[in-house]
1. Which of (1) outside any helix (DSSP H, G or I); (2) modelled with pLDDT of 95 or more; (3) closer than 16 Å to TYR119 by Cβ does PRO80 not meet, given it meets every other one?
2. Only one residue in SER22, SER93 is surrounded by 12 or more Cβ atoms within 10 Å (Cβ to Cβ) and touching a Pro at 6+ places or on another chain (Cβ under 6 Å). Which one?
3. With respect to PRO64, determine if the residue is farther than 24 Å from LYS127 by Cβ, crowded, with 16+ Cβ neighbours inside 10 Å and of a type outside the set (A, V, I, L, M, F, W, C).
4. Mind listing whichever residues of the stretch 70-97 are out of contact with any Leu (no Cβ under 9 Å at 6 or more places or on another chain), among the charged types (D, E, K, R) and within 25 Å of VAL18 (Cα to Cα)?
5. Under 7 Å by Cβ, and 6 or more places apart or on different chains, what pairs join a residue from the stretch 77-97 that is in contact (Cβ under 8 Å) with a residue 40 or more places away in the chain with one that is crowded, with 16+ Cβ neighbours inside 10 Å and in a loop (DSSP other than H, G, I, E, B)?
6. Here are the criteria: (1) surrounded by 14 or more Cβ atoms within 10 Å (Cβ to Cβ); (2) assigned to a loop (DSSP other than H, G, I, E, B); (3) of a type outside the set (S, T, N, Q). Tell me which single one TYR115 does not satisfy.
7. Only one residue in LEU40, LEU28, LEU58 is under 16 Å from LEU109 (Cβ atoms), surrounded by 14 or more Cβ atoms within 10 Å (Cβ to Cβ) and under 15 Å from the mean Cα position of the chain (by Cα). Which one?
8. Kindly provide the set of residues from the stretch 10-33 that are part of a helix (DSSP H, G or I) and of a type in the set (Phe, Trp, Tyr), ordered by number.
Amino acid sequence: METNQNIDNFLLGYSDNVFINSMKIRKLILETIPGIIETLDLSAKMISYGYGNKYSELLCVIIPSKKGVKIGFNNGAQLPDPKGMLKGSGKISRYIEIKSQEEIYSPELLEILVYSIDYYEKRKQEKNGVKK
């Protein structure tokens, strides 16, 4: 995993637990999603992951807080969630609140990351006129 001093410095402002869990989530995202672009958004206090700078190209975000860490998913309301991990009531986004390091490495979280990639690819193909 590439070191990003800005992200490290940003996360150092949180508790050790939030820092460690955020770094582990970051590593999981970077290793799971090929070609993903990582961006620190200081004003929103989150780290975003997408294939460009447009909101439509956003896949997920890491949202650290004093209480813990959440992983937010753009279009999370459209993703399959057989284990009921995704929370939130918005029309578009959903999040998973990480309560333990075991959750970071759970097959269910990995599955939702893969679903987010698949959904992005499907949207991209439909936008370009290619039906699956």
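The values are calculated or read from the model by the stated rules, or taken from the named source; none is laboratory data. Quick caveat, the model's predicted, so the values are computed rather than measured. Quick reminder, even Gly has a Cβ in these numbers, built from the backbone with ideal geometry, and neighbours come from all protein chains shown.
1. (2)
2. SER22
3. Working: farther than 24 Å from LYS127 by Cβ: yes; crowded, with 16+ Cβ neighbours inside 10 Å: yes; of a type outside the set (A, V, I, L, M, F, W, C): yes.
Considered against the rule, which asks whether it is farther than 24 Å from LYS127 by Cβ, crowded, with 16+ Cβ neighbours inside 10 Å and of a type outside the set (A, V, I, L, M, F, W, C), PRO64 comes out as yes.
4. Once the filter is applied, which keeps residues that are out of contact with any Leu (no Cβ under 9 Å at 6 or more places or on another chain), among the charged types (D, E, K, R) and within 25 Å of VAL18 (Cα to Cα), the stretch 70-97 yields LYS70, ASP81, LYS83, LYS87, GLU97.
5. That search, which allows pairs on different chains as well, returns LEU79/LEU86.
6. (2)
7. Only one candidate passes the filter, namely LEU28.
8. PHE10, PHE19
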